[in-house]
Amino acid sequence: MKWVYPTKAGGGGNGEGKVVVFKSKLKWVGLFGLVLSAFSIFTHFLLARYTDGFAISEYKSSITIFSWRPIFENAADLSTATALHRRLWAPVRDLDSLHPYANPRANYVAPASQSNGFVFVRIRGGFHEIRNSICDVVVVARLLNATLVIPEIQSTTSSKGISTEFKSFAYLYSEDQFIAALADDIKIVKTLPKDLKGARRKKEIPSFKVPNSASPYFYIHHVLPVLNRHSVVELVVPDGGCLQALLPPHLEEYQRLRCRVAFHALKFRHEVEELATKILYRLRASGRPFIAYDPGMTRDALAYHGCAELFQDVHTELIQHKRAWMIKRGIVKGNLTVDSAEQNLNGLCPLMPEEIGILLRAYGYSWDTIIYVSGGEVFGGQKKLIPLHAMFENVVDRTSLSMPWELNKMYGREANLVDKHPKTSSPPVKEEKKKPDAWKKSGPRPRPLPPPPARAKYPYNIEGWWGWVAESDNEPESTVMELRTNAHKLLWEAIDYMICVEADVFVPGFDRDGRGNPNFASLVMGHRLYQFPVSKTFRIDRKEVTRHLEDIRDHFYQANHTWITSLRRHLRKHLVDGLTDELTKSKPHSFLSFPIPECSCSRKVSVNASSPLHDVLRTTQRCPSWMDADVASPPGDKETEEDDAAEDDSDPLLFRQIGESNEGGVEMSNKEETTQMEDQEELEGGER
């Protein structure tokens with residue numbers, strides 16, 4: 001049977017058919033649009049997930065939202081002509097005759113075509129120890145006429161959970177730049193030949209655990225004969241620095257080689273320099289100068305110098321535990337219990353962030369000064385920085401000037417080591433053993449009861465410092481995540497290093513590490529002294545400054561004019577006089593902390609014998625004539641510093657409220673009025 005549909009007369013069926021076809025086309029168009037939208041969303045998801053191209057990076061950079069928004073009292077006030085600005089930010093004119101000059105001076109020949117063999121080096125330690133060690137091994141390779149294999153940095157091997165995109169040395173520094181910059185000094189290869197690689201895996205090549213600050217005699221009479229016999233030696237550098245800092249006069253060219261390595265050959269890899277440059281740009285975006293501050297408050301340094309009692313409760317116990325560990329291994333020769341107050345008065349402990357804030361405010365820096373806090377670790381946590389944040393509004397660090405995706409790009413692709421759903425082990429259920437009936441019916445026994453069983457240890461109650469401090473005298477073994485974090489700290493300190501070197505003012509809180517040697521801050525001061533001798537670097541005499549601070553300990557924030565004047569004189573004086581202290585205290589332990597006069601030249605023929613720089617600069621050689629035109633001093637540097645040295649009439653309060661004072665109805669001349677305003681501005685550090 002067939003169904004017959006009725007139709008209207010007069011051709012009305014064609015119009016209705018067209019309507020049906022039109023609706024059908026609309027459905028297909030809508031379906032195609034949905035499919036196209038889903039494909040577009042999927043494509044954008046893939047691009048966002050897997051593309052790290054330049055365009056994507058630039059787009060991300062343009063929409064970055066930072067947690068820091070600078071706050072200024074007067075955003076339009078950027079005048080550099082005032083006496084206050086010159087005192088706070090102007091270059092140190094006493095050092096304007098120095099110029100970096102690490103080129104060879106004497107009969108310095110290129111490396112011989114035939115070397116005595118290969119030197120393979122494994123380096124341990126933190127950022128400053130690695131940097132010192134690399135410079136030393138280059139000098140050792142030149143001394144032995146050996147081919148240097150790119151050093152292996154133990155903290156950055158792939159077993160530490162870091163990205164496999166980078167080899168050990170290349171995780172921190174650029175290998176190509178390192179090889180090219182030292183081509184005229186030594187031969188450098190990236191890896192050992194295949195036959196020697198196999199011998200190293202089988203541990204068949206001779207190895208030396210190099211003592212700290214070994215002499216050239218050690219390498220010439222102990223290492224060189226072995227190198228000549230086996231054509232390869234392995235050097236293990238455990239403590240940072242494998243060659244003594246002060247070399248004999250006839251080896252002065254090797255000191256300049258150290259400078260060429262540290263300041264020209266050791267360039268950080270591209271991703272690190274790119275992020276550091278971005279952070280520097282963000283710091284200077286407001287058009288104002290900034291201060292870089294390195295606290296130097298690490299647990300190792302505090303334990304070595306006996307500064308535990310400067311902290312409270314938990315942190316004191318942690319420092320004492322570390323000191324006991326150091327004494328057990330012979331790192332510390334003193335007693336476990338030390339009078340921290342006496343150590344602090346002798347300048348052997350770091351200046352706390354609160355004390356640094358007091359010094360800067362007393363010197364004249366206002367509450368809206370930008371301060372960049374460097375360092376991968378501030379022992380005691382962020383609460384130690386709270387007083388500094390209270391005194392200065394614009395205190396920032398690496399985390400507040402960068403985004404997580406920027407740091408992840410620098411780290412490279414890393415395996416996920418964190419289990420999102422960790423298995424928590426519950427205490428075992430106590431099972432009661434069935435005892436025989438005869439045991440239950442027996443009477444009391446004359447024997448003593450056995451000791452109670454040892455308390456079971458579960459992960460949930462031995463986690464954190466309270467577990468391992470109480471359970472063992474040893475430091476806990478590092479997990480893979482902690483090893484990865486230690487590798488990341490090297491990159492963080494590399495960023496901080498670049499920013500501190502470029503800063504307008506640098507303030508070190510402490511200049512010694514956990515072995516009593518110059519630390520990160522000392523390397524920064526040495527680099528600034530080499531590259532920017534006139535840059536303002538506060539070389540603080542901690543013993544003298546601590547004495548000043550003790551005078552107002554009971555009224556920290558109400559210092560009088562006499563105290564402020566005395567402190568300012570001391571800080572200004574030690575901008576130059578501190579060099580003499582560095583020459584005698586830091587240079588014998590680390591050449592890079594004080595690379596002059598070997599790596600500098602002077603544009604002055606002679607130095608006044610009464611000048612504090614006489615002992616430092618008297619052996620500095622005259623700069624070549626071709627430098628004179630390039631390094632001429634700018635006219636602004638020739639102004640007198642009478643206005644800098646002149647002390648002002650002050651308010652008895654160090655932290656005055658903005659808008660206070662300067663009352664009086666006496667009409668003054670323009671010059672006197674300007675002087676009064678400058679003097680008031682110098683002391684005006686009022687809270688908002």
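The values are calculated or read from the model by the stated rules, or taken from the named source; none is laboratory data. Because the structure is predicted, anything quoted here is derived from the model rather than measured. Cβ coordinates were reconstructed from backbone atoms using ideal geometry, including for glycine residues, and neighbour counts include every protein chain displayed.
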Answer residue from the range 552-564, given it is surrounded by 15 or more Cβ atoms within 10 Å (Cβ to Cβ) and in a helix (DSSP H, G or I) and is nearest to the chain's Cα centre (by Cα) among those: I564
Out of I162, I186, I130, sole residue that is touching a Leu at 6+ places or on another chain (Cβ under 7 Å) and either surrounded by 20 or more Cβ atoms within 10 Å (Cβ to Cβ) or at pLDDT below 90 (or both): I186
Residue in the range 265-283 that is touching a His at 6+ places or on another chain (Cβ under 8 Å) and either at positive phi or modelled with pLDDT under 95 (or both) present: no
Residues satisfying the stated conditions in the range 512-567, i.e. under 19 Å from Y497 (Cα atoms) and polar (S, T, N, Q): N517, N519, S522, Q531, S535, T537
Pair list, Cβ under 6 Å, 6 or more apart: the range 493-519 residue in a helix (DSSP H, G or I), other residue among the basic types (K, R): I495/R398; V501/R528
Yes/no for L246 being in a helix (DSSP H, G or I), out of contact with any helix residue (DSSP H, G or I) (no Cβ under 6 Å at 6 or more places or on another chain) and over 19 Å from R124 (Cα atoms): no
Single condition T157 does not satisfy, out of (1) free of Cβ contacts under 8 Å to residues at least 24 places away in the same chain; (2) β-branched (V, I, T); (3) surrounded by 18 or more Cβ atoms within 10 Å (Cβ to Cβ): (3)
Residue tally, condition within 24 Å of P111 (Cα to Cα) and either hydroxyl-bearing (S, T, Y) or not assigned by TED's automatic domain parsing to the domain that holds V137 (or both), over the range 162-206: 3
Identity of the residue in the range 320-346, closer than 24 Å to K383 by Cα and in contact (Cβ under 8 Å) with a residue 60 or more places away in the chain, that ends up farthest from the chain's Cα centre (by Cα): L345
Filtered residue count, the range 269-292, keeping only those that are closer than 25 Å to I596 by Cβ and crowded, with 20+ Cβ neighbours inside 10 Å: 2
Pair list, Cβ < 9 Å and 6+ apart or interchain, from the range 547-573 residues that are in the same structural domain as P508 (by TED's automatic domain parsing) to residues that are modelled with pLDDT under 90 and among the β-branched types (V, I, T): Q558/I552; A559/I552; N560/I552; W563/I552
Residues of the range 95-113 classified as in contact (Cβ under 8 Å) with a residue 60 or more places away in the chain and either surrounded by fewer than 17 Cβ atoms within 10 Å (Cβ to Cβ) or touching a Pro at 6+ places or on another chain (Cβ under 7 Å) (or both), total: 8
Subset of the range 160-175 [farther than 19 Å from V480 by Cα and charged (D, E, K, R)]: E175
Residue match in the range 301-310 (condition: modelled with pLDDT of 90 or more, closer than 22 Å to C500 by Cα and crowded, with 19+ Cβ neighbours inside 10 Å): yes
Only one of I327, I331 that is modelled with pLDDT of 90 or more and surrounded by fewer than 21 Cβ atoms within 10 Å (Cβ to Cβ): I327
Residue identified as touching a helix residue (DSSP H, G or I) at 6+ places or on another chain (Cβ under 7 Å), under 30 Å from H270 (Cα atoms) and either free of Cβ contacts under 8 Å to residues at least 12 places away in the same chain or not polar (S, T, N, Q) (or both) among I205, I179, I186: I186
Members of the range 214-243 that are touching a residue at least 60 places away in the same chain (Cβ under 8 Å) and either more than 16 Å from N132 (Cβ to Cβ) or part of a helix (DSSP H, G or I) (or both): P216, Y219, I220, V223, L224, L227, N228, H230, S231, V232, V233, E234
Counted residues, the range 175-225 - those being under 13 Å from L235 (Cβ atoms), over 31 Å from the mean Cα position of the chain (by Cα) and among the aromatic types (F, W, Y): 2
